[in-house]
Amino acid sequence: MPVTTNVALGVGGGIAAYKAAELARALMERGFSVQVVMTRSAEEFVRPLTFAALTGRKVITNLFSAASAEDTLSSAIEHIRVAQENHILVIAPATADLLAKLAHGLADDFLTTTYLAFTGSVVLAPAMNTNMWNHPATQENLRILRERGHVIVEPDDGILACGMVGPGRLAEPEIIAQAVAGVAGRGSSKHDLDGETVLITAGPTQEPLDPVRYLSNRSSGKMGYALAEAAAERGARVILVSGPVTLAPPARVELILVRTAVEMRQAVMDHLEQATMIIKAAAVADYHRANPPQQKVKKTAARLSLELDPTPDILAEVGRKKGDRLLVGFAAETENLIEAARRKLQSKNCDMVVANLVSQPGIGFESDENAVTLVLRTGETIPVERASKSIIAHRIFDEAMKLRLALHSAQ
Ligand code: CTP
């Protein structure tokens, strides 16, 4: 990726236009700079101010909207500037009308003229009524656009605003953002993980107490999933072992779903041999009920004590078996962050520990943002200031790759 990848986000007029606000946010979280361009009908559904507030930039709404003659001239060539300054053009929702215009080169407003002047990658996320989607005219337009090399993020099946059930609902903003990130990665010069197999664990584990109850923690899995996405963008083969989360699986990642610490350990050990780098972002439960009862535990008036046994320490076991694989552990602490991370690095034989204070509000577990300190085997500590988990994930890989070089040349 260039230092910053600029994305022009075209918003078409449809009920799903409001979801484009979530998309703008998801793109910015991944470190993209976002310029929003709205069609006239999109403004009927969402106000430009929503996007301006989100992106901190002026929103382009119309081709010849300027007041003075001078302004008219500058806005008349602005679509060329937008076409030149942006690396990726994503249109969401792309209406049937927009798809038809793009397919046939009609250019009668800012977005469609920008499209014609644009030479970068194009991602289209259509949304419309099921019959309009299925119509041969729309399907033919999609064929033309696909042949032109554009990425089409297929709409979801579901209940549409018109009450029909079928394909046509705009794909989830996270899925569209992943498609954009995938396109950015494809054109990226930073394919520094080509040839690597990265094994990542993510999310919490759930330890059953009986058939209906379990012990778990507040991990959302967002950090591990951001790492998986970043590694795939940078060219790695990615094996993601995930506990129960509500996130969409990243594109081009081999996903293994597990529930308990014991299952997670097994999945990790099964794939350790193939891995060149292991990142243990999962918040594994430290204790479990070794033999949970088959039947639901009944309530009584008496006090209940549970006997819990330690779960297998996966990180420590990988540390013993890792050979020259690069091992990155995580340390979630509420105090004495750096000392605790250093101790963990030593005792678990890690090459890097990503340490974060989970006691700070607004970052960590369920948040989209994080702030961490990277504690390295070389003795270095690198603070990474508050940023989206995607940006943090890329920083972790930047430092991991430098560390690998340093460790190799020290041998
Ligand atoms: N971890 C693991 N297996 C476990 C518990 C934790 O592999 N049974 C890994 C986590 O994936 C993480 C690291 O160990 O990479 C640190 O987890 P954390 O809960 O912060 O530390 P603990 O090892 O549990 O140590 P402590 O309780 O002393 O903080």
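Here are some notes:
- Beta carbons closer than 6 Å, at least 6 apart along the sequence or on distinct chains, pair a first residue in segment 354-379 that is in contact (Cβ under 8 Å) with a residue 60 or more places away in the chain with a second that is among the acidic types (Asp, Glu) for Asp368/Glu29.
- Test result for Pro244, touching a Leu at 6+ places or on another chain (Cβ under 6 Å), assigned to a loop (DSSP other than H, G, I, E, B) and more than 12 Å from the ligand (Cβ to nearest atom): no
- Flag if Arg234 is surrounded by fewer than 16 Cβ atoms within 10 Å (Cβ to Cβ) and among the basic types (Lys, Arg): no
- Annotation note: of Arg404, Arg386, the sole residue that is touching a strand residue (DSSP E or B) at 6+ places or on another chain (Cβ under 6 Å), modelled with pLDDT under 95 and assigned to a helix (DSSP H, G or I) is Arg404.
- Odd one out for Gly31, checked against (1) on the phi < 0 side of the Ramachandran plot; (2) touching a residue at least 60 places away in the same chain (Cβ under 8 Å): (1)
- Total residues in segment 184-212, condition within 30 Å of Pro126 (Cα to Cα) and either of a type in the set (Gly, Ala, Ser) or surrounded by 23 or more Cβ atoms within 10 Å (Cβ to Cβ) (or both): 5
- If the condition is being touching a helix residue (DSSP H, G or I) at 6+ places or on another chain (Cβ under 6 Å) and within 14 Å of Ile392 (Cβ to Cβ), then segment 203-228 contributes Lys222, Met223, Ala226, Leu227.
- Members of segment 271-290 found to be away from the ligand (no atom under 12 Å from the Cβ), outside any strand (DSSP E or B) and touching a residue at least 12 places away in the same chain (Cβ under 8 Å), listed by number: His271, Leu272, Gln274, Ala275, Thr276, Arg289, Ala290
- Each residue in segment 342-353 was checked for being within 9 Å of the ligand (Cβ to nearest atom) and aliphatic (A, V, I, L, M), and 1 pass.
- Just one of the listed residues (Ala66, Ala8, Ala17) is in a helix (DSSP H, G or I) and either modelled with pLDDT of 95 or more or under 20 Å from Thr112 (Cβ atoms) (or both), namely Ala17.
- Any chance Glu229 is surrounded by fewer than 17 Cβ atoms within 10 Å (Cβ to Cβ) and part of a helix (DSSP H, G or I): no
- Positions within segment 75-100 being part of a helix (DSSP H, G or I), closer than 21 Å to Pro167 by Cα and not hydrophobic (A, V, I, L, M, F, W, C), in sequence order: Asp97
- Elements of type helices (runs of 4 or more DSSP H) contained in segment 109-226, each with 2 or more residues being of a type in the set (Lys, Arg) and at negative phi: 136-147
- Against the criterion of being within 24 Å of the chain's Cα centre (by Cα), assigned by TED's automatic domain parsing to the domain that holds Val238 and not in a loop (DSSP other than H, G, I, E, B), Leu374 qualifies.
- Taken over segment 34-51, residues that are part of a loop (DSSP other than H, G, I, E, B) and without any contact (Cβ under 8 Å) to a residue 24 or more places away in the chain amount to 1.
- The residues listed here are Ala316, Ala340; of these, the one that is more than 21 Å from Met264 (Cβ to Cβ), over 22 Å from the mean Cα position of the chain (by Cα) and not in a loop (DSSP other than H, G, I, E, B) is Ala340.
- Test: Thr381 is buried (at least 17 other Cβ atoms within 10 Å of the Cβ), within 20 Å of Ala340 (Cβ to Cβ) and out of contact with any Asp or Glu (no Cβ under 9 Å at 6 or more places or on another chain): no
- Members of segment 268-290 found to be farther than 15 Å from Ser219 by Cα and crowded, with 20+ Cβ neighbours inside 10 Å, listed by number: Val268, Ala275, Met277, Ile278, Ile279, His288
- Condition broken by Arg265, with the remaining ones in (1) in contact with a strand residue (DSSP E or B) (Cβ under 6 Å, 6 or more places away or on another chain); (2) near the ligand (Cβ under 10 Å from one of its atoms) satisfied: (1)
- On inspection, Arg259 does not qualify as in contact (Cβ under 8 Å) with a residue 60 or more places away in the chain, within 15 Å of the ligand (Cβ to nearest atom), within 22 Å of Thr201 (Cβ to Cβ) and not hydrophobic (A, V, I, L, M, F, W, C).
- The set of residues in segment 291-338 being β-branched (Val, Ile, Thr), within 12 Å of the ligand (Cβ to nearest atom) and surrounded by 14 or more Cβ atoms within 10 Å (Cβ to Cβ) consists of Thr311, Ile314, Val318, Val328.
The values are calculated or read from the model by the stated rules, or taken from the named source; none is laboratory data. Just so you know, these numbers come straight off a predicted model, no measurement behind them. Note that we place each Cβ from the backbone using ideal geometry, even for glycine, and neighbour counts take in every protein chain shown.
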